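Encoded as structure tokens, the structure appears first; notes follow it.
The values are calculated or read from the model by the stated rules, or taken from the named source; none is laboratory data. It should be emphasised that the depicted structure is a prediction, and the values quoted were computed from it without experimental measurement. We place every Cβ from the backbone using ideal geometry, glycine too, and count neighbours over all the protein chains shown. To get the accessible areas, we keep the full protein, side chains included, count just its heavy atoms, and leave off ligands, DNA and RNA. Shrake-Rupley method; radii C 1.70, N 1.55, O 1.52, S 1.80 Å.
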Amino acid sequence: MAVWIFALLAIIAIFLSVATLVLPKLFLHNKCALTGSCDRGIKSRVGRRDQSILYEPSPSVRRYIKKYVLAVRDGDKVLVCKLSKRFKYLDYDIVVFGSDDKVRCILNVKELPAETGYTRVIKLPEEASYVSININGVDDIIFPSRVLSRVSFVRVLIFALCSALLVAVTVLGIRICCTYLFGGLFSESLLVEGKSTLFTVIIGSVVAAADMLLTLVLVLIKNNKGASKKAGKGL
């Protein structure tokens, strides 16, 4: 009996791990659409307690953000932008790249810029080497995001098929374990009994349908709100 209890717990643990971690990571992850930055460094400065590089963003971004500075202040890597003109509201993404040119994270910043013409100082991850800025919205104008790729229908379909297969195998495994745990002398006959099989199919179908519904909701949230972004924190 101890063997079947262990098998039952192992099946449940594997199902939860694959369903909540492995499959979403493989098929529902919003990948960054950018592979690098086209921003141009135009000036560098090294002081006693800090160092900084002045960048000029891409032409499309330059209409709203004229320049920005990447600096190291007291051991913290920070970014501050100089606006092209005054705005009441600004929404932008900071794509952070490491020294290996791979995306480390995407910071989303929403703020009401001060009258000074500069954004607030944004703290960057320690591994940040350079960034790329994308404008999502200015005042009442909203732009389509170009940072994150949307989860395609093909990936959703593959995820749904893999999830359905996973649910079927899991329900079958749980049924076998429970049958040998509680079936006693009639365990083998219960495995092939018609009503028991029908009950297993019904349970599997309900779980699979709930899983697919949850998948659709998750995809809509990730596609519309950029679930892979982090909120940019100011200093």
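For the pair Ala7/Leu112, report the inter-label distance in nm, with labels modelled 7 Å from Cα in the Cβ direction.
Placing both labels 7 Å beyond Cα along the Cβ direction yields 6.4 nm.
Roughly speaking, what % of Cα-Cα pairs in the stretch 1-145 are separated by over 23 Å, rounded to a whole number?
That fraction is 47 percent.
Express in nm, to one decimal, how much length is gained between Leu165 and Arg63 on full extension, taking 0.36 nm for each residue of separation and deducting their alpha carbon distance.
31.7 nm
Applying a 10 Å radius around every beta-carbon, put 41-50, 89-98, 60-69 in order of their mean neighbour count, most first.
Result, highest mean Cβ count within 10 Å first: 89-98, 60-69, 41-50.
Out of the total accessible area of the stretch 23-177 (probe 1.4 Å, heavy atoms of protein only), what percent is carbon and sulfur?
The C+S portion of the solvent-accessible surface of the stretch 23-177 is 57 percent.
Given the pairs Lys25/Lys66; Lys66/Lys102; Lys102/Lys123, which span a C-alpha to C-alpha distance of over 29 angstrom in this model?
Lys25/Lys66
Rounded to the nearest 10 Å², what accessible area does Cys178 have for a 1.4 Å probe in the complete protein model?
50 Å²
Go ahead and run the numbers for FRET between Phe153 and Arg45, Cβ-Cβ distance against an R0 of 35 Å, rounding to 0.05.
Between Phe153 and Arg45 the formula returns 0.10.
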